[in-house]
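Report on the following structure.
The values are calculated or read from the model by the stated rules, or taken from the named source; none is laboratory data. On a predicted model such as this, the values are computed, not experimentally measured, just so you know. Neighbour counts run over all protein chains shown; Cβ positions are idealised from the backbone, glycine included. For accessibility, only protein heavy atoms count, side chains too; no ligands or nucleic acids. Shrake-Rupley method; radii C 1.70, N 1.55, O 1.52, S 1.80 Å.
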Amino acid sequence: MAGAVQSVNFSKALPMNGGHGLYSYSKNSTYQKKVIVAVKELITEAIAEKLDICVLSSSNTICVSDMGCSVGPNTFVAVQNIVEAVLNKYQSQGHDHSRLPEFQVFLNDHALNDFNTLFKSLPPNRNYYVAGMPGSFHGRLFPNDFLHIVHTSYALQWLSQVPKEVENVSSPAWNKGRIYYSSAGDQTVKAYADQFAEDLDCFLHARAQEVVCGGLIILMVPGRTDTSPHTRVFSNISYDILGSCLMDMAKMGIISEEKVDSFNIPIYFSSPQELEATVERNGYFNLERLECLPLEKSQDTIPQKARAVSYHIRAGLEFLLKEHFGHEILDELFDSFNEKLEKSEVFQLGLTYSLLALLKRKET
Ligand SMILES: C[S@@+](CC[C@H](N)C(=O)[O-])C[C@H]1O[C@@H](n2cnc3c(N)ncnc32)[C@H](O)[C@@H]1O
């Protein structure tokens, strides 16, 4: 009998806000959705060029997993794009309708994710079978040689934990007075970068066992160019502003300064070079394509943009903030965040890029 199936990697679960309320992820993730829609053509092209139909399942079932799917609806758009791209490929190779494959899709996220909302909003006319797969994608989720295509968007920037040194008062990487790395010292930045590389390696190592030879990973993360400094990344500037709001609250005696010192956001924005170096070091996948895509600027007014960013960040960080500071501070914190965003230069200076990588499992 096979041994116990367990994830070897511990990742702290930090779920997005569930349900469909004002600060829910489902209502505040249009930014991520725009990116998924914008890369549809690239993904169709990549699947047409790089997916070898002969490596797909002999039973004619294609197994796909969207990892870090959250509560929807974006995951359904991403999955539909992939299913259509594969069907296009089959049809372009002359397969008639009766010989088209079927799709089994596994939607993965941490067990604390609001899977009920996700399943309740499944598209009724979907042309794939669907199941949930709870657990951390930093560890094993599936049996050997099981998956044909893995998709993950806007999830791998979440680290499995805040780097230990960053929380250690006697380490040079200790992040006093800030909640994020981007404007911190080199040691703090390095600790975050190292944690990202280690986590991505764990992700790839687990997928290397689960993805069939020739199978694909479509990986999308928010990132930056090789030359753009961390301090110019739109989200990084926003997190620094959020940190300054928490420090203001500490100065007013609403929370303690120690509480702010011991709070750090476990997110990292990688560059293409960093991503490529990790994939190469890992060694199990060929990097078939790597794009650094700028996001189109929105035409909304500054107050509209500030509100959207504030809700968007609240949908993602509320769980973490509540756990550390208590729920009582949230409304005041996000009111002052909204105000500071409006007055800041983030909308003029902030850079937004997405990294899109296509990886193919090497033959063993
Ligand atoms: C910003 S949401 C992205 C959701 C969706 N992919 C999209 O593009 O809209 C990130 C999701 O990744 C999930 N996530 C983060 N770390 C994870 C891990 N180690 N294992 C599984 N899911 C994870 C979070 O719980 C969250 O639901």
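Here are some notes:
- Here's the picture: charge each Lys and Arg Cβ at +1 and each Asp and Glu Cβ at -1 in the chain, and of Ser183, Thr301, Leu246 the one pushed furthest to the positive end of that dipole is Thr301.
- The fraction of accessible area contributed by carbon and sulfur in the range 247-301 is 47 percent, rounded to a whole number (1.4 Å probe; ligands and nucleic acids excluded).
- Taking all protein chains together, Thr301, Thr75 sort by accessible area into Thr301, Thr75, largest first [probe 1.4 Å].
- Amide H contacts of Phe285 (H built 1.01 Å from N, in plane; Pro and chain starts excluded): Lys362 sit under 5 Å, all sequence-distant by 5 or more or on other chains.
- Counting only residues at least eight positions apart within a chain, or on another chain, the aspartates and glutamates with an alpha carbon under 20 Å from that of Lys305 are Asp240, Glu296, Glu318, Asp331, Glu332, Asp335, Glu339, Glu342, Glu345.
- Local net charge near Asn74, Cβ-Cβ under 11 Å (Lys/Arg +1, Asp/Glu -1): +1
- Inter-site label distance for Lys12 and Glu363 at 7 Å from Cα along Cβ, in nm: 4.4
- Entries in Lys297/Lys362; Lys251/Lys297; Lys251/Lys343; Lys164/Lys297; Lys34/Lys251; Lys190/Lys343 that, when Cα-Cα distance is taken, lie over 32 Å: Lys297/Lys362; Lys251/Lys297; Lys164/Lys297; Lys34/Lys251
- Charge tally in the Cβ shell below 9 Å around Ala357, where Lys, Arg are +1 and Asp, Glu are -1, Ala357 excluded: -2
- Of all DSSP beta bridges in the chain, antiparallel share, percent nearest 5: 45
- The range 23-143, accessible surface, carbon-and-sulfur percent (1.4 angstrom probe): 52
- Here the 3J(HN,Hα) profile of the range 232-240, calculated from phi with Karplus coefficients 6.51, -1.76 and 1.60 at θ = phi - 60°, is 9, 6, 3, 5, 5, 4, 5, 5, 5 Hz, Gly and Pro shown as x.
- Ligands, DNA and RNA are left out, and with a 1.4 angstrom probe the accessible area of the range 215-263 is 35 Å² per residue.
- Annotation: amide H-H contacts under 5 Å for Val162 (H modelled 1.01 Å from N, sequence separation of 5 or more, or interchain): none.
- Converting phi to 3J(HN,Hα) with the Karplus coefficients 6.51, -1.76 and 1.60 and the offset θ = phi - 60°, the range 141-154 yields 10, 10, x, 4, 6, 10, 9, 9, 9, 10, 10, 8, 10, 6 Hz in sequence order, with x at every glycine or proline.
- Carbon-plus-sulfur accessible fraction, the range 149-228 (probe radius 1.4 Å, protein heavy atoms only): 50%.
- Restricting the trypsin sites (Lys or Arg not before Pro) of the range 270-364 to loop positions (DSSP other than H, G, I, E, B) with no more than 12 neighbouring Cβ atoms within 10 Å leaves Lys297, Lys362.
- Rounded to whole Hz, the Karplus (6.51, -1.76, 1.60) HN-Hα couplings of the range 196-207, x for glycine and proline: 4, 4, 5, 5, 5, 4, 4, 4, 5, 5, 5, 5
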